[in-house]
Every structure is written in C-alpha cells, then in structure tokens.
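Each remark here refers to the structure printed beneath this line.
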Amino acid sequence: MRHWSCLAQLALAAGLTVAGAGTASAADRWDTYHDRQDLREDYRDVNRDYARVDHLRADIARDRARLDEDIRCGRQQAAARDARDLARAQRVLDAQLRDIRHDRADIRGDRRDLRTDYRTSWR
C-alpha cells in the first residue's frame, strides 16, 4: 500500500509539472504569434519606405532636370529655388534610407529572437 501511495504522489507531481509546462508553452506560442505579427509589420513598413524612396528619387530627377533647364536658360532665381528644393529632397531621401537601414536591422534582430524562441521552446 505504501508503494501505491508513493506512486500516486509521483504521478500527481508529474501531472502538475506537465500542466505547468503546458501553460508556459501556450504563453510562449502567444508571444511567438505577436513576435511574428511585429515582424510582418516591420516588413510592411520597409516596403512602404522603399515606395517612398522611389517617389523621392523621381522627384529628385525632376528637380535636377528643372535646375539644369533654369541654368541653361539663365534664370538665376529659379535655379536657386530649384537648388533649395533639390537639397531638401536629397536630405529627406537620406533620412528615409537611414530609416530603412534601422528597420532592416530591427528585422534582423526580431528574426534572430524568433529563431531563439523556437529553439528554447522545444527544450
């Protein structure tokens, strides 16, 4: 009888351990879902940033063409105004490219964390 009691206690302890691990696994899965969702949002953000970069590059090309035309025709004030517009667009483009670099670094970090979460959740 003593052995059955010991066996019952062992089974109860094992059941509680498994139940606790099951709850932690569900929480880990929930966190992993949110991590993946964050990663998707980061990818969408980078894609929007690239679209904006394309638009800015087209604006810069138009500004350069307008600046060249103003210089060729001798319109100094218009050329100065176009040069300011071109410099402003170039600064915005540089800032956007920096933002893309930061976002891509964030994506790399999130992907590394996600891979680490998968590895540790199986242990």
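The values are calculated or read from the model by the stated rules, or taken from the named source; none is laboratory data. Bear in mind that the values here come from a model prediction, so they are computed numbers and not experimental data. A quick note on method: Cβ atoms are made from the backbone with ideal geometry, for glycine too, and the neighbour counts reach across all protein chains shown.
Odds and ends about this structure:
- No other residue among ASP110, ASP35, ASP82, ASP28 is at pLDDT 80 or above, among the acidic types (Asp, Glu) and either surrounded by 11 or more Cβ atoms within 10 Å (Cβ to Cβ) or part of a helix (DSSP H, G or I) (or both) apart from ASP82.
- Members of the stretch 70-86 found to be farther than 17 Å from VAL53 by Cβ and either in contact (Cβ under 8 Å) with a residue 40 or more places away in the chain or among the hydrophobic types (A, V, I, L, M, F, W, C) (or both), listed by number: ILE71, CYS73, ALA78, ALA79, ALA80, ALA83
- In the stretch 100-123, the residues that are closer than 17 Å to GLU41 by Cβ and of a type in the set (Asp, Glu) form Cβ pairs under 8 Å with partners that are in a helix (DSSP H, G or I) and at pLDDT 80 or above, at six or more places apart or across chains, as follows: ASP103/ASP42; ASP103/ASP45; ASP103/VAL46; ASP103/ASP49; ASP106/ASP42; ASP110/ASP42.
- Of all residues in the stretch 38-84, those satisfying the criterion of being among the acidic types (Asp, Glu) and under 13 Å from the mean Cα position of the chain (by Cα) are ASP38, GLU41, ASP42, ASP45, ASP49.
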